[in-house]
Structures are given as structure tokens and as C-alpha cells.
Amino acid sequence: MAKQSVSSGTTFEEIAGYCRALRIGDRILVSGTTATGPDGLVGGDDPAAQARYALDKIEKAIQQLGGRMEDVVRTRVYVSDVAHWEIVARVHGERFGKIRPVNTLVEAKLVGPQYLVEIEVEAVVGAGD
């Protein structure tokens, strides 16, 4: 089965040897995604802004591989401070309230103190039809 991948161009992807997202058949797997833009962190110390930016990057990667957010069947959300769980959960609800994928949200030590949230998803193309 052929693999198709996309990169968002962050330095982390080259350093660590991974891609932003990978499509195998009808499955799209998106790596843990932070609010890292071309010039570094986006969203400052606002967990909602970081979550929205990460979800925008995720959506772009899914679309580049022929999918839609409606195809998302699983999300995993990591917050650096459990006190931010509800703020980030509400952002998740804005994007996935009608899609209702399975979800896990945990507190985790992320790659740097400036990162407040990291999100990864799995999609099955056509699942949202």
C-alpha cells in the first residue's frame, strides 16, 4: 500500500525525522501538533489560541492528503497544565462538537515550557459521509 505524506516545514520535523501527516489507504495519521508557525510559537501564553492554531495546522494537513475534519475519528490532546483542560476542551468542542470523534486529554510535559497544548488526530477518509 502506497504512503503519501505532508510536512508543515517546522524544523522539528527535519531534526526528529518525521512528517506532519501520513496517509495510508483511507487512513490519515497526524503527528502531535503544537502552535509552531514559521517564526516560532503562535498564541503566546493563551492555551485557546495555541489549540486553535494547532487545529488549523491539522486541518490543512488532512486536506492536503484528501481528507476533511469530518473524517477525524480520534483525537489526543496533551496539555502542559491540567488547569487548562477546560479551555482547550472547549476549543476542541468548537471544531469537533458535531463530528464527535473519540478523545483523550491528558496532562503531559511538552517539548518546551512555552508550549501549552499538543494535539494529534487520526482520520478515515469517507468516515464523515
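Data for the structure
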{"quantity": "Index of the failed condition, Glu120 passing every other in (1) part of a loop (DSSP other than H, G, I, E, B); (2) in contact (Cβ under 8 Å) with a residue 24 or more places away in the chain; (3) under 23 Å from Glu13 (Cα atoms)", "calculated": "(1)"}
{"quantity": "Subset tally (residues that are part of a loop (DSSP other than H, G, I, E, B) and of a type in the set (A, V, I, L, M)) for the range 17-51", "calculated": "2"}
{"quantity": "Where Ala49 falls short, out of the listed (1) within 26 Å of Gln4 (Cα to Cα); (2) free of Cβ contacts under 8 Å to residues at least 60 places away in the same chain; (3) touching a Gly at 6+ places or on another chain (Cβ under 9 Å)", "calculated": "(1)"}
{"quantity": "Among the residues listed as Ile87, Ile58, the single one being of a type in the set (A, V, I, L, M, F, W, C), within 19 Å of Ala127 (Cβ to Cβ) and either at pLDDT 95 or above or outside any helix (DSSP H, G or I) (or both)", "calculated": "Ile58"}
{"quantity": "Residue ID - nearest to Ala127 (Cα to Cα), chosen from residues in the range 13-36 that are exposed (fewer than 15 other Cβ atoms within 10 Å of the Cβ) and not acidic (Asp, Glu)", "calculated": "Gly25"}
{"quantity": "In the range 90-117, residue nearest to Gly40 (Cα to Cα) [restricted to those that are outside any helix (DSSP H, G or I) and among the basic types (Lys, Arg)]", "calculated": "Lys109"}
{"quantity": "Matching residues in the range 1-38 - criterion: being among the hydrophobic types (A, V, I, L, M, F, W, C) and at pLDDT 95 or above", "calculated": "Ala21, Leu22, Ile24, Ile28, Leu29, Val30, Ala35"}
{"quantity": "Filtered residues of the range 86-117 (kept if touching a residue at least 40 places away in the same chain (Cβ under 8 Å), touching a helix residue (DSSP H, G or I) at 6+ places or on another chain (Cβ under 6 Å) and under 18 Å from Met69 (Cβ atoms))", "calculated": "Val88, Val91, Arg95, Val117"}
{"quantity": "Selection within the range 1-12 - surrounded by 14 or more Cβ atoms within 10 Å (Cβ to Cβ) and either aliphatic (A, V, I, L, M) or in a helix (DSSP H, G or I) (or both)", "calculated": "Val6, Phe12"}
{"quantity": "Test: residue in the range 71-83 that is in a helix (DSSP H, G or I) and without any contact (Cβ under 8 Å) to a residue 40 or more places away in the chain", "calculated": "yes"}
{"quantity": "Residues located in the range 52-84, provided they are closer than 19 Å to Lys3 by Cβ and under 8 Å from the mean Cα position of the chain (by Cα)", "calculated": "Ile58"}
{"quantity": "Pick from the range 63-120, criterion aromatic (Phe, Trp, Tyr) and crowded, with 19+ Cβ neighbours inside 10 Å, ranking: nearest to Ala35 (Cα to Cα)", "calculated": "Tyr115"}
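The values are calculated or read from the model by the stated rules, or taken from the named source; none is laboratory data. If you're wondering where the values come from, they're calculated on a predicted model, not measured in any experiment. Note: ideal-geometry Cβ built from the backbone for every residue, glycine included; neighbour counts use all protein chains shown.
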